[in-house]
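What follows draws every value from the coordinates through simple rules; no lab data is involved. These numbers come from a predicted model, not from an experiment. Every residue, glycine as well, gets a Cβ built from its backbone with ideal geometry; the counts of neighbours run over all protein chains shown.
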Amino acid sequence: MGEGLLRKKIIGIEKQVDEFLDRVSEAGLLCKNGMDAYLKGNAEAFAMSLASIRESEHQGDKLRRTIEQELYRKTLIPESRGDVMELMEDMDALLDRFTGLIWQFEIEKPEICSEFHDDFRELLRYSVEAVESNVLSCRAFFTDIQAVSNHLHKVSFWEKESDKVSTRLQKAIFAREDLRLSHRMHLRFFAKQVDRIADEAEDVADRLNIYVIKRML
Amino acid sequence: MFAIFLSSGLFLGWSLGANNAADVFGTAVGTRMISFRKAAIYCGIFVILGAVISGAGASRTIGELGAVNAIAGAFVVALAAAVTVYWLTVLGYPASATQAIVGAIIGWDLFAGAMIDYWALEKIVLSWVLSPILAAIFSALLYKLIAYMITHARISMFTLDALTRAGLILAGIAGSYALGANNIANVVGIFVPVSPLADITLLGLFRLSAAQQLFFIGAAAIAVGTFTYGRRVMLTVGEGITEMSPVAALVAVLANALVLFLFASQGLERFLLGFGLPSFPLAPVSSSQTIVGSVIGIALLRGGRGIRWRMLGEITGAWILTPLVAVVISFIALFFLQNVFQQKTFLPVEYRLTAEAENYLKDGGIPTDRLTEMRGKTYPTAAEFEKAVTRYVTLSNREMSLVLSTTEVGPLLMDPRFAYRINDPAITEAQRGAVQRLMGKRFVHRWQLEKALAEESPEWRMETGKKERDREIKRKLDYLFRLIRASMQ
């Protein structure tokens, strides 16, 4: 009975962490869908993506709070509790970035010339890949710490790719002298917003690397 | 009067609980794996269970204080040990209660001019040096092994957390049980023969012997000590020496248990000897010292950078000071009790080289030919007798211990009144019968009574090769002598 209770307790918190990471991963895919719908001018699909990503953010926040409360209430993993909480906050911040991006599309309605569509799509794909590698690293951090490095190095790779596309895109934007400066700056702002997701994912990966070293036996 | 004398035993129990609970739960509390409150509850419950269940039977564990032959003396010795342990607890250092007690007994020995057990002293000094080093080696090896297993078993973070926590609780519970069972005799053991308590039956189901009731009171004092003052030393052990991970905390308590087991296991000794292998010497190892050694072992394995050397130096200094301080406090307190309060703190013990003792020593391989001038002379104290012996012959500490215990003059009168006080269930009917048959007789030396009992019943007979059985008989004999002494006072 004791063993069963123990197992139930472990499964409970592990499942919540898993679900939270599912939400982060899901937010990336929804963001991709949302931007795609925006670029295609499909308002209905965009609105649906916005609603879904808002729901994901809401659930993510709820799960993060529950996990943090559980960790403190049951005094679980005392030596890594601070690190795990920080990691949860960081991953939640990435989720918020995806949501924020779609919200900015909704509020600011940027005019994106068709020649930049592919670059924007590519840029977001790399940012989503960087976050996805982070999600896999996080899962490994909780379940099999030895496997973290298998995913962690990919975050840097996707961030570099994202930097390349971002630079190329910004150059292309400012090369269009026919556009108003304010328009060019608005597009640059969006390119940087997407690129920042990959940058932040890399920062989270760096911190995760330290947490792994701290937990090494 | 009994209550006043018992109070020092209870104070010793309280100090012991405040200090030694850290040996079993210190690393768990220090790493925040178990809250102090929870640890204190577990510790309290299992200390009491250990004391009442496994500490029961006064003859089974006589405790170090058994050597003190007057109740007022025992009061002072317990008080001196308690004050010493309390002082170290206030400073936050883990201390060995046994060493404090031995120190206090030496103070009594010096005051009473009684025999000092140099053989026991040698063991203590050896255990100071040996036990922390061995514990450090064990914990480092065990840590390597467990780290390898965890890494290769791919255990998830929360599973590892739950398993470590369960391990720490189980190890803590087992340690607390052993703490109660092993130390209760030191806390109240000496008061058992003079206790006015009678056996009671609870709800017609459980029978609590007088000894068990006394053990319960003593264990409750240990539990209260843990609750009220245990946190400080726990934090010293768990985080004061070095920062530890929960796995390291578990390894430290496991290594501690392993070292204590190796040095105390008669079963293991028998097993090794049975295969013609060398066995570990059965020596009194202090769990306070082994737990600190275990913590250091793991820290050294990880490069030793996190060790707070200053704290470690202070702890080591406190270990050396423990028996010395106890000696001084005990001696001064005895002086006051004897001269100011007019209490009898010791019964003078004389020494005489009788013809019987000489033959006995000759059989034991001691060269008595050179002691002819001492024949028949009575020496008022062990110190004077020892001085006289060393004038004629040089003996090792072990040989001197044998000479002193053989020539010690009882006298032991087998008064029928004391027979009624034998209430230990461990003493068999045959053993009781042998005691009865010797009623009315008088013996000069203790060993003569031992011999007479062995002749009366094979159950009192020691046999070579049966160490465990012999130890049990020796404990029962100690109990018997204390009863006889109490009946003669």
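Values for this structure:
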{"quantity": "Other protein chain Cβ atoms within 10 Å, averaged over every residue that makes up B:238-248", "calculated": "2"}
{"quantity": "Sites excluded, GluC sites (Glu not before Pro) in DSSP loops with at most 16 other C-beta within 10 Å, longest stretch of chain A", "calculated": "A:1-110"}
{"quantity": "Backbone HN-Hα couplings from phi across segment A:203-212 [Karplus 6.51/-1.76/1.60, Hz, Gly and Pro as x]", "calculated": "4, 4, 4, 4, 5, 4, 4, 5, 4, 5"}
{"quantity": "Unit Cα scatterers, Debye sum, segment A:1-107: log10 I(q)/I(0) for q = 0.17 Å⁻¹", "calculated": "-0.77"}
{"quantity": "Principal axis dimensions, segment A:7-51 - Cα atoms, whole angstrom, descending", "calculated": "49, 13, 8"}
{"quantity": "Residue-span extension gain [B:R469 to B:A166] - 0.36 nm each, minus C-alpha spacing", "calculated": "105.5 nm"}
{"quantity": "Added length on full extension, which subtracts the Cα-Cα distance from 0.36 nm per residue, A:K40 to A:D96", "calculated": "17.8 nm"}
{"quantity": "Extension gain, A:A172 back to A:K74 (0.36 nm per residue minus Cα-Cα distance, nm)", "calculated": "29.9 nm"}
{"quantity": "Alpha carbon convex hull of segment B:412-488, volume per residue in cubic angstrom", "calculated": "80"}
{"quantity": "Nearest-0.05 FRET efficiency for B:F206 and B:R302, computed from C-beta distance (R0 56 Å)", "calculated": "0.70"}
{"quantity": "Label-point separation, B:L321 to A:R196 (7 Å along Cα→Cβ), nm", "calculated": "5.9"}
{"quantity": "Residue-by-residue Karplus 3J(HN,Hα) for segment A:21-30, coefficients 6.51, -1.76, 1.60, Hz, glycine and proline x", "calculated": "5, 4, 5, 5, 4, 4, 4, x, 5, 5"}
{"quantity": "Built amide H within the under 5 Å cut-off of B:V409, gap 5+", "calculated": "B:E350, B:Y351, B:R352"}
{"quantity": "Using alpha-carbon coordinates, inclination of helix B:246-264 to the longest axis of chain B, degrees", "calculated": "20"}
{"quantity": "Where trypsin sites (Lys or Arg not before Pro) fall in DSSP loop in segment A:111-187, at most 15 other Cβ within 10 Å", "calculated": "A:R176, A:R180"}
{"quantity": "Listed residue pairs exceeding 20 Å between alpha carbons, taken from B:K451/B:K476; B:K344/B:K377; A:K171/A:K192; B:K377/B:K474; A:K32/A:K109; B:K362/B:K474", "calculated": "B:K344/B:K377; B:K377/B:K474; B:K362/B:K474"}
{"quantity": "Loop-located trypsin sites (Lys or Arg not before Pro) in segment B:134-186 whose Cβ has at most 16 other Cβ within 10 Å (DSSP)", "calculated": "B:R154"}
{"quantity": "Distance (nanometres) between label positions extended 7 Å along Cα→Cβ at B:T228 and A:R188", "calculated": "7.4"}
{"quantity": "Radius 14 Å from Cβ of B:F216, net charge of other residues (Lys, Arg +1; Asp, Glu -1)", "calculated": "0"}
{"quantity": "For the protein assembly as shown, projected area of the alpha-carbon convex hull averaged over all directions, nm²", "calculated": "40.2"}
{"quantity": "Restricting segment B:313-358 to chymotrypsin sites (Phe, Trp or Tyr not before Pro) in coil, as DSSP defines it, with at most 16 other Cβ within 10 Å", "calculated": "B:F341"}
{"quantity": "Percentage, to the nearest whole number, of Cα pairs in chain B over 44 Å apart", "calculated": "16"}
{"quantity": "Diffusion constant of segment B:351-407 at 20 °C, which comes from Stokes-Einstein with the Kirkwood Cα-pair radius and 1.002 mPa s, µm²/s", "calculated": "194"}
{"quantity": "Surface/4 of the Cα convex hull for segment B:368-475, nm²", "calculated": "8.5"}
{"quantity": "Selected from A:P78, A:Y211, A:A175, residue furthest toward positive end of dipole (segment A:2-215; charges at beta carbon)", "calculated": "A:P78"}
{"quantity": "Dimensions in Å of chain A - Rg and Dmax from alpha carbons", "calculated": "19.2, 74"}
{"quantity": "Amide H contacts of A:K74 (H built 1.01 Å from N, under 5 Å, at least 5 apart or other chain)", "calculated": "none"}
{"quantity": "J(HN,Hα) series, segment B:16-24, from Karplus relation 6.51 cos²θ - 1.76 cosθ + 1.60, nearest Hz, glycine and proline x", "calculated": "4, x, 5, 9, 7, 5, 5, 5, 9"}
{"quantity": "Farthest toward positive dipole pole in the protein assembly as shown [+1 Lys/Arg, -1 Asp/Glu at C-beta], among A:V135, B:A220, B:Y379", "calculated": "B:Y379"}
